[in-house]
């Protein structure tokens, strides 16, 4: 597996697909660039999901998050893109991505995006 930033998300078979259980992933070192100023934005990304047939492989997820380091992105856009990419990769039963951005100009921003599989 590569050690370079990548938008590729790998998965592995869910070891217990017949059971609903929750996976939580916390990544406190997310960075991207402000699209207006080019300054770095720092955030903690929290992912919570109920897997279906596959689970997200964590090293590929780490490299995926790293790939945003040099990209300009509004908080709302990057949070929704992360959710969309994770859902595309593993097709969970349910998933929530919460991005807690560090203070900038005296304002904290938290963006929460959610997905629920069709019934």
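The values are calculated or read from the model by the stated rules, or taken from the named source; none is laboratory data. Predicted model only: the values in this text are computed from it and were never measured. All Cβ positions, even for glycine, are placed from backbone atoms using ideal geometry, and neighbour counts span all protein chains on display.
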message = Cβ-Cβ distance below 8 Å, separation of 6 or more or different chains: which pairs start in segment 15-30 with a residue that is within 14 Å of residue 57 (Cα to Cα) and end on one that is assigned to a loop (DSSP other than H, G, I, E, B)?
response = 23/51
Considering residues of segment 9-40 that are within 16 Å of residue 69 (Cβ to Cβ) and modelled with pLDDT of 95 or more only, the residue surrounded by the fewest Cβ atoms within 10 Å (Cβ to Cβ) = 28
ask   = What number of residues within segment 96-112 satisfy the criterion of being more than 10 Å from the chain's Cα centre (by Cα) and surrounded by 15 or more Cβ atoms within 10 Å (Cβ to Cβ)?
value = 5
ask   = Among (1) exposed (fewer than 13 other Cβ atoms within 10 Å of the Cβ); (2) part of a strand (DSSP E or B), which single condition is residue 118 missing?
value = (2)
inquiry  = Being touching a residue at least 40 places away in the same chain (Cβ under 8 Å), within 11 Å of the chain's Cα centre (by Cα) and assigned to a helix (DSSP H, G or I) is the filter here; which residues of segment 33-62 pass it?
reply    = 61
ask   = Among the numbered criteria (1) farther than 27 Å from residue 13 by Cβ; (2) surrounded by fewer than 18 Cβ atoms within 10 Å (Cβ to Cβ), which single criterion is violated by residue 78?
value = (2)
